[in-house]
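First the structure, in the form of structure tokens, and then the observations on it.
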Amino acid sequence: MEIVVVGLSHKTAPVEIREKVAFDPSRIEQSLQELLALPAVSEGLIVSTCNRVELYAVCPQSDVGIYALRHYLADCHHLPFADLAPHLYDLSGEEAVRHLLRVASSLDSMVIGEPQILGQIKSAYGHACETKSTGPILNRLLHKTFSVAKRVRSETAIASHAVSISFAAVELARKVFESFAGRHVLLIGAGEMCELAARHFISHGVSEVSVINRTFSRAQKLADSFNASAVPFDHLETALARADIVLSSTGSPDYIVTEKMLREIARKRRYSPIFIIDIAVPRDIEPGVNSLNHVYLYDVDDLNGVVQANMLERQKEALQAEEIISAEVVQFTAWLASLEVKPTIVALRSHLQELSRQEVARTLAQIGSLGEADRQTIEERTSALINKILHHPTRILKQMSMDPDRRQYIDTVNTLFGLQGESGRS
């Protein structure tokens, strides 16, 4: 049996292609049943996210399975295969295992270290379990996948460096304030970036958040979403005087906060530190503000610099994650390969034990009367002899389980001992 994967991702297909092959969540169980109904597939899993669609399967023959999966992906979405084929990739065996471990550990994500993909794979596995489309091989692989992803997050710092603008703002603020406890955040603007940053600050212990916007109703709506307070726009200077951290992101063509305004505010604040993040383009904060004592101003380019530096740090951590994955791939593929030789080992042992039992029974019948102790001794000695005979071929078969030519050894043993009917072809 071989593990195979067929799919496409943000690396191989634009969004207009990915959206056409995305699986409808409400029909995912039906799609799994259709996948399992393919003659070439014995176990199946569907992973469908905004950035990737992948079919994982266990197949008796990898090439036949890959062909079936590639065409199924096109047929089930009513797409011409010729249009879809250039965007597809396929992997089998060890490389398919490695791919899944890398995907779950977010090494193949658009943003290395992002946590969402692991949850999405767990959800996909949950649907597969409900449909019973997975079996012993994919079940073991998925449990291995979850443990490896956990190792990567706990043993590396791959997710510890901010790679979003909103979270980079929090990281920069921590360089000014050792603790956010008792600190007041002021948001100028009510857009998505302000909301994301506010939620990051709140999760890191900020005590109070205020929202100010030219349209008060929008400020009120955003403030209500995370238990903050809304401030009328004409109270801007008063709000600035109370704030420790200011994040501004509006569409204003002119500066909202000027150097002159903040100079007076800084005096009223008795020059206590104020950290200002301007992520607006055009900028909301006059650059001269940065020349004032105890005022720390960062713009979107500063934040992008942090993001890029942190991306490099995540890439360094990814190298350590790759080492963890490589070791785990070896362990899993060794287990998978052992499944192929196990039926032959079991059949060989059963075959010789049955021959031994028949010969012992025939011999004891010819000898006639023997004491129970003597009969037991003969049976034990015969069993020990069978174990000695089996020791070397069993050891060799286990060693050859990782050999690409293991099928040749298995077939040879089956032919020599006439085991085809007993061990089958795994």
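Quick rundown of the values:
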item: Flag for Glu171 being part of a loop (DSSP other than H, G, I, E, B) and over 11 Å from the mean Cα position of the chain (by Cα); result: no
item: Tabulated pairs, the stretch 391-420, first loosely packed, with under 12 Cβ neighbours inside 10 Å, second modelled with pLDDT of 75 or more and not charged (D, E, K, R), C-beta under 8 angstrom, 6+ apart or interchain; result: Gly418/His351
item: Residue among Ala219, Ala230 that is at pLDDT 90 or above and not in a helix (DSSP H, G or I); result: Ala230
item: Odd one out for Ile276, checked against (1) under 26 Å from Val306 (Cα atoms); (2) under 37 Å from the mean Cα position of the chain (by Cα); (3) modelled with pLDDT under 90; result: (3)
item: Ala96 closer than 13 Å to Val5 by Cα, within 17 Å of the chain's Cα centre (by Cα) and in contact (Cβ under 8 Å) with a residue 40 or more places away in the chain; result: yes
item: The stretch 174-199 - residue that is of a type in the set (A, V, I, L, M) and in a loop (DSSP other than H, G, I, E, B) and, of those, surrounded by the fewest Cβ atoms within 10 Å (Cβ to Cβ); result: Ala181
item: Residues (open to solvent by 60 Å² or more (accessible area, probe 1.4 Å), under 12 Å from Ala173 (Cα atoms) and part of a helix (DSSP H, G or I)) located in the stretch 200-211; result: none
item: Single residue of Ala57, Ala13, Ala22 found to be farther than 20 Å from Ser123 by Cβ and small (Gly, Ala, Ser); result: Ala13
item: Filtered residues of the stretch 310-367 (kept if open to solvent by less than 70 Å² (accessible area, probe 1.4 Å), under 26 Å from the mean Cα position of the chain (by Cα), touching a residue at least 24 places away in the same chain (Cβ under 8 Å) and more than 19 Å from Pro136 (Cβ to Cβ)); result: Asn310, Met311, Glu313, Arg314, Glu317, Ala318, Ala321, Glu322, Ile324, Ile325, Ser326
item: Residue count for the stretch 49-88, restricted to those that are open to solvent by less than 40 Å² (accessible area, probe 1.4 Å), modelled with pLDDT of 95 or more and among the hydroxyl-bearing types (Ser, Thr, Tyr); result: 2
item: Selection count where residues are within 16 Å of Ser166 (Cβ to Cβ), open to solvent by 50 Å² or more (accessible area, probe 1.4 Å) and part of a loop (DSSP other than H, G, I, E, B), scope the stretch 262-309; result: 1
item: His235, sole failed condition from (1) at pLDDT 90 or above; (2) open to solvent by 20 Å² or more (accessible area, probe 1.4 Å); (3) part of a loop (DSSP other than H, G, I, E, B); result: (3)
item: Residue in the stretch 207-216 that is more than 16 Å from Val300 (Cβ to Cβ), at pLDDT 90 or above and among the hydroxyl-bearing types (Ser, Thr, Tyr) present; result: yes
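The values are calculated or read from the model by the stated rules, or taken from the named source; none is laboratory data. This is a predicted model, so every value here is computed, not measured. A quick note on method: Cβ atoms are made from the backbone with ideal geometry, for glycine too, and the neighbour counts reach across all protein chains shown. The accessibility values were calculated without ligands, DNA or RNA, using every heavy atom of the protein model including side chains. Shrake-Rupley method; radii C 1.70, N 1.55, O 1.52, S 1.80 Å.
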